[in-house]
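FYI, it's all coordinate maths here, none of it is from the lab. For clarity, every value in this text was computed on a predicted model and none was experimentally measured. Please note: Cβ atoms are built from the backbone with ideal geometry, for glycine as well, and neighbour counts cover all protein chains shown.
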Amino acid sequence: MLENFIKSLEKSVLTNINGHDYVINPVLDGIPLYESIFLEEIVEAINYKLNLSNIDKIIGIESMGIPLATALSLETKIPFNIIKKKKMNLSEEISVSQVTGYSKEKLYINYLNKGDKVVIIDDIVDTGGTLIAIINALKNIGVEILHIITPIERSNGKQLVKKETGFSILTFIRLDIVDSKIKLKSLI
């Protein structure tokens, strides 16, 4: 399980952006080439670990949560919604301030309602800032978050999300940078 995805992570390029080590990988960035097998393997791992039969909506976080939400929706036939980086000026729109270790921006939530049962999916949990902001906003709306999935965990973001919100995140791979090299640990 996840063989091709793990191989792609092992071949990833490291770069430094504003003092933050950044891993260039198709699932994290859409480059160099996002092969469909990566999505197939991730969705297979999700289906192996979780029962999504009681989910009303899949929530993807722009931008790299979009391909994951799309693939999961195609497999499960559950509709998906995207938390966007662009303001749509809709009457029910909720603005969320996202602060991570390397960026600050607004995210916008539309068409989620009290009582919706959702799964949130994104590419990585690193600092936890994005997920903490989104979880708190969705709780304020009254959305029922049943699962949170990020295929990759890095740093202590997974633990921070649990501490700040009480929610656990399902991850499949632990990624660390040690001596300028990528170190991976499978969690399945």
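Here are some notes:
- Positive-end residue, the chain charge dipole about Cα centroid, Cβ charges, pick of Pro151, Leu184, Gly19: Gly19
- Positive dipole terminus of the range 3-186, leading residue within Thr127, Leu39, Gly60 (C-beta point charges): Thr127
- For the residue pairs Lys77/Lys114; Lys7/Lys85; Lys7/Lys139; Lys85/Lys158; Lys49/Lys185; Lys57/Lys139, alpha carbon separations beyond 26 Å are given by Lys7/Lys85; Lys7/Lys139.
- Rounded if a/c under 1.5, otherwise prolate or oblate - the range 1-138, Cα gyration tensor axes: oblate
- Mean Cα-pair separation over length for the range 3-186, i.e. relative contact order, pairs under 8 Å, 6 or more apart, %: 16 percent
- Ranked for footprinting exposure by Cβ neighbours inside 10 Å, fewest first, Val143, Val23 give Val23, Val143.
- Selected from Thr130, Thr171, Thr76 as most flexible by GNM, with the chain as the system and alpha-carbon contacts under 10 Å: Thr76
- Mean shadow area of the range 73-188 over all directions, Cα convex hull, nm²: 8.3 nm²
- Sparsely packed GluC sites (Glu not before Pro) within the range 69-114, loop by DSSP, other Cβ within 10 Å at most 15: Glu92, Glu93
- Counted residue by residue at 0.36 nm each, then reduced by the alpha carbon distance between them, the extension gain from Asn156 to Ile188 reaches 9.7 nm.
- Remark: the range 138-144, residue by residue, has Karplus-estimated 3J(HN,Hα) of 5, 4, 5, 6, x, 6, 8 Hz, where x stands for each Gly or Pro and the curve is 6.51 cos²θ - 1.76 cosθ + 1.60 at θ = phi - 60°.
- In order along the range 65-72, the phi-based Karplus estimate (6.51 cos²θ - 1.76 cosθ + 1.60, θ = phi - 60°) of 3J(HN,Hα) comes to x, 5, x, 5, 5, 4, 4, 5 Hz; Gly and Pro are listed as x.
- Size descriptor for the range 1-76, Kirkwood hydrodynamic radius: 13.5 Å (Cα pairs only, one decimal).
- With the simple spin-label model, which puts each label point 7 Å out from Cα in the Cβ direction, the Ile141 to Asn16 separation comes to 3.9 nm.
- For the chain, the 222 nm mean residue ellipticity estimated from helices alone, with every DSSP H stretch of n ≥ 4 adding -39500 (n - 2.57) and the total spread over all residues, rounds to -9500 deg cm²/dmol.
- Computed about the Cα centre, the dipole magnitude for the chain is approximately 460 debye when only Lys and Arg (+1) and Asp and Glu (-1) carry charge, each at its Cβ.
- Amide H to amide H, with H built 1.01 Å from N, Phe172 comes under 5 Å of Ile152, Glu153, counting only residues 5 or more places away or on other chains.
- Calculated FRET efficiency for the pair Asn89/Arg174, C-beta based, R₀ 35 Å, to 0.05: 0.30
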